1. Under a GNM of the chain (C-alpha, springs under 10 Å), which listed residue has the highest mean-square fluctuation: 83, 60, 134?
2. With the Cα gyration tensor of the chain giving a ≥ b ≥ c as the square roots of its eigenvalues, does the rule (a/c under 1.5 for rounded; else a/b larger than b/c for prolate; else oblate) give rounded, prolate or oblate?
3. Using a 10 angstrom cutoff on alpha carbons, build the Gaussian network for the chain and name the most mobile of 136, 58, 117.
4. Residues with amide H under 5 Å of residue 82's amide H, sequence separation 5 or more or different chain, H placed in the peptide plane at 1.01 Å from N; which?
5. Output wanted: per-residue J couplings in Hz (rounded whole) for region 129-134, from phi through Karplus 6.51 cos²θ - 1.76 cosθ + 1.60, θ = phi - 60°, x for Gly and Pro.
6. What residue among 97, 122, 137 shows peak mean-square fluctuation when the chain is described by a Gaussian network model with Cα springs under 10 Å?
7. Which of rounded, prolate, oblate describes region 44-106, given a ≥ b ≥ c as roots of the alpha-carbon gyration tensor eigenvalues and a/c under 1.5 marking rounded, otherwise prolate only if a/b is larger than b/c?
8. Pick out, from 64, 22, 86, the residue whose Cα sits farthest towards the positive end of the charge dipole of region 11-100, with +1 on the Cβ of Lys and Arg and -1 on the Cβ of Asp and Glu.
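The values are calculated or read from the model by the stated rules, or taken from the named source; none is laboratory data. Every value quoted in this text rests on a predicted model; they were computed, and no experiment measured them. Cβ: placed from backbone, ideal geometry, glycine included. Neighbour counts: every protein chain shown. Accessible surface areas use protein heavy atoms only, side chains included; no ligands, DNA or RNA. Shrake-Rupley method; radii C 1.70, N 1.55, O 1.52, S 1.80 Å.
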Amino acid sequence: MSVAEDADELGVQLVRFMRAVNRAKLQMTRHGPDSLDRLAYAALFCLVHDGPQRTGKLAELLRAEISTVSRESRSLVAHGLVERRADPIDGRACVLAATPEGERVFEENRKHRNRWLAAILADWPSEDRAAVTELLARLNTGIETTPPQLADQK
């Protein structure tokens, strides 16, 4: 197969993958610990994983509108999962940071996700598990570092 044909098949599989993941995320957020919706969990993930962030930076990381992230962060603050702190660089501004309770909820959701993935991978040989993880990491790096507009120029 040519690179173009491989890219087309990968595109088909990625769409299938994203639909399956979105379906699973919807089920997990309905039934998972603390019933966080997808955007709230994504925001909490960024704050736990990347540390405190200004709302604008969080919106950029989530590829969401600032107004949407502001609304979601108010809810996370109200539920005690996130707190506002003075920005260490500019004390006039504030950053959002996960609270210990937010970190607990994040870890519970992570454990829930990991149990689900472990069930999926249970009958895979260890070499296949390692290969899919390595290849997905490589694909993610490529996606993160190659702007889509470059593909239009070729």
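1. Largest GNM mean-square fluctuation: 134.
2. Working: a/c = 2.30, a/b = 1.44, b/c = 1.60.
Oblate, because a/c is 1.5 or more while a/b does not exceed b/c.
3. Greatest mean-square fluctuation among the candidates belongs to 136.
4. 77, 99
5. 4, 5, 5, 5, 5, 5
6. Residue with maximal mean-square fluctuation among 97, 122, 137: 137.
7. Numbers: a/c = 1.44, a/b = 1.12, b/c = 1.28.
Judged from the Cα gyration tensor, region 44-106 comes out rounded (a/c under 1.5).
8. 22
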